[in-house]
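First up is the structure itself, then whatever we jot down about it.
The values are calculated or read from the model by the stated rules, or taken from the named source; none is laboratory data. The shown structure was predicted, so the numbers you read here are calculated from the model rather than taken from an experiment. Backbone-built Cβ (ideal geometry, glycine too); neighbour counts: all protein chains shown. The area values use the complete protein model at the heavy-atom level, side chains included, leaving out ligands, DNA and RNA. Shrake-Rupley method; radii C 1.70, N 1.55, O 1.52, S 1.80 Å.
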Amino acid sequence: MGMQQFEESAGTKMRTALRWDCAPAVIVLVAVAVFWIGGSLEWFEMLRVPENAVGNVVWLYLMLAAVAGSIVLGGGAVVDLSRRLNRRSRRDQ
C-alpha cells in the first residue's frame, strides 16, 4: 500500500510540474537574459570584421529587430508573471 501511495503522489507532483502555468514566461525571460548577456559579452562577432557593407547593414537590421523583439517579449513575460503571481496571492488569501 505504501508504494502505491508513493507512486500516486509522485504522479500528482509530476502533473503539477508539467501544468506549471508560469513556465512559458520564465522560459522567455531566461531566453531574453541569455540574449542580452551574450550581447554584452560580444558573442555577436560579425560586427567586428566588416566583410561587406550590405552584409553589415542586414546584420544590423536583424539585430535591431532582435533587440526590439526581446524588449517586447521580456516586458510581456514580466507582465504575465506579475499578473499570475498577483492572481495566485489573491486566491490564497
Cβ-Cβ under 9 Å pairs, at least 6 apart or on other chains, the range 60-77 side farther than 20 Å from Glu42 by Cβ, far side loosely packed, with under 14 Cβ neighbours inside 10 Å and of a type in the set (Val, Ile, Thr):
Ala77/Val26; Ala77/Ile27
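Any residue in the range 4-25 that is modelled with pLDDT of 90 or more and either of a type in the set (Asp, Glu) or out of contact with any Lys or Arg (no Cβ under 8 Å at 6 or more places or on another chain) (or both)? Before the answer, list the steps.
The first filter runs over the range 4-25 and keeps only residues modelled with pLDDT of 90 or more, leaving none.
There is no residue in the range 4-25 that is modelled with pLDDT of 90 or more and either of a type in the set (Asp, Glu) or out of contact with any Lys or Arg (no Cβ under 8 Å at 6 or more places or on another chain) (or both).
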By residue number, the members of the range 20-43 that are within 17 Å of Arg83 (Cβ to Cβ), of a type outside the set (D, E, K, R), open to solvent by 50 Å² or more (accessible area, probe 1.4 Å) and not in a helix (DSSP H, G or I) are Trp20
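Just to be sure, is Gly75 at pLDDT below 90 and either in a helix (DSSP H, G or I) or open to solvent by 80 Å² or more (accessible area, probe 1.4 Å) (or both)? Don't jump to the end; show me each part of the working.
Working: at pLDDT below 90: no; either in a helix (DSSP H, G or I) or open to solvent by 80 Å² or more (accessible area, probe 1.4 Å) (or both): yes.
When the stated conditions are applied, Gly75 does not pass them.
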Just to be sure I understand, how many residues within the range 52-72 are out of contact with any helix residue (DSSP H, G or I) (no Cβ under 8 Å at 6 or more places or on another chain), open to solvent by less than 60 Å² (accessible area, probe 1.4 Å) and polar (S, T, N, Q)?
0
